[in-house]
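Bear in mind that the values in this text are calculations on the coordinates, not laboratory data. Quick caveat: nothing in here was measured; it's all calculated off a predicted structure. Glycine gets a Cβ as well: all are built from the backbone with ideal geometry, and neighbour counts include every protein chain shown.
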Amino acid sequence: MEQTFIMIKPDGVQRGLVGEIIGRFEKKGFSLKGLKLISVDRAFAEKHYADLSAKPFFNGLVEYIISGPVVAMIWEGKNVVVTGRKIIGATNPSDAAPGTIRGEYAIDIGRNVIHGSDSVESARKEIGLWFPDGAVPWRSNLEPWIYE
Ligand code: DAT
Ligand code: MG
């Protein structure tokens, strides 16, 4: 089954949005397969965002991610990468549809509350970086009520 890496950024933790965000993924029917509250250092944040290292906003982005603890998660389910991005909403909260997490809870692009992997391949890389011991193996007993 497909997995994605979801991270509640420091603003989401500070603003008390952890429960709300986890609830949205849970109620959708996805399964939580990894979860930790963690502060990361500069080198780790730079590795996570390595693909963006040439961007003018890179340093500000790294400062933001290391400014407080984040909630790192593995979520699993059918099409969870693409659907997770839909639940999160557009990168710039100004463009994020109402009902999405960024559409409901964010205003500035540099405080957009949450990260989600953009492809199955980057999910695999990000899960490897954040959860070197892998996902917790368990299966929800609700699966027959969620999948046909
Ligand atoms: P996403 O987080 O939607 O996958 P991304 O991977 O392109 O977006 O960029 C990572 C983060 O960097 C994004 O959540 C917010 C920040 N960012 C992206 N584009 C930006 C820009 N033009 N100005 C400032 N910050 C930006
Ligand atoms: Mg991205």
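Whole-Hz Karplus ³J(HN,Hα) for region 135-148, in order, using 6.51 cos²θ - 1.76 cosθ + 1.60 and θ = phi - 60°, x for Gly and Pro?
7, 7, x, 7, 10, 6, 6, 7, 3, x, 8, 10, 10, 8
Run through region 112-148 and list the trypsin sites (Lys or Arg not before Pro) located in a DSSP loop whose Cβ has at most 14 other Cβ atoms within 10 Å.
Here the trypsin sites (Lys or Arg not before Pro) that fit, given the DSSP loop and packing criteria, are Arg139.
Under the definition of Cα pairs under 8 Å and six or more residues apart, what whole-number percent is the relative contact order of region 1-77?
Averaging sequence separation for qualifying contacts and normalising by length gives 59 percent for region 1-77.
With a Förster radius of 41 Å, plug the Cβ-Cβ distance of Met1 and Ala97 into 1/(1 + (r/R0)^6) and report the FRET value to the nearest 0.05.
0.95
What number, in percent, do you get for the relative contact order of region 1-139 if the mean sequence gap of Cα pairs under 8 Å and at least 6 apart is divided by its residue count?
37 percent
Points 7 angstrom from Cα along the Cβ direction at Glu148 and Ser67: gap in nanometres?
4.6 nm
Got a sec? Charge dipole of region 15-106, +1 on Cβ for Lys and Arg, -1 for Asp and Glu; which of Asn59, Gly84, Tyr49 is way out at the positive end?
Result: Gly84.
Between Val120 and Lys55, what length in nm is gained on full extension when 0.36 nm per residue of separation is reduced by their alpha carbon distance?
21.1 nm
What lysines could a cross-link reach from Lys9, if we take a straight Cα to Cα line under 23 Å and drop same-chain neighbours fewer than 8 places away?
Lys27, Lys28, Lys33, Lys36, Lys47, Lys55, Lys86, Lys125
Between Val136 and Glu104, what length in nm is gained on full extension when 0.36 nm per residue of separation is reduced by their alpha carbon distance?
Here the segment from Val136 to Glu104 would lengthen by 8.5 nm.
Please label the shape of region 61-100 as rounded, prolate or oblate, based on the square roots a ≥ b ≥ c of the eigenvalues of the alpha-carbon gyration tensor (a/c under 1.5 means rounded; beyond that, a/b larger than b/c means prolate, else oblate).
Taking the square roots of the gyration eigenvalues as a ≥ b ≥ c, region 61-100 is oblate.
Among Ala123, Ala72, Ala45, which one shows the highest mean-square fluctuation when the chain is modelled as a Gaussian network with alpha-carbon springs under 10 Å?
Ranking Ala123, Ala72, Ala45 by mean-square fluctuation puts Ala45 first.
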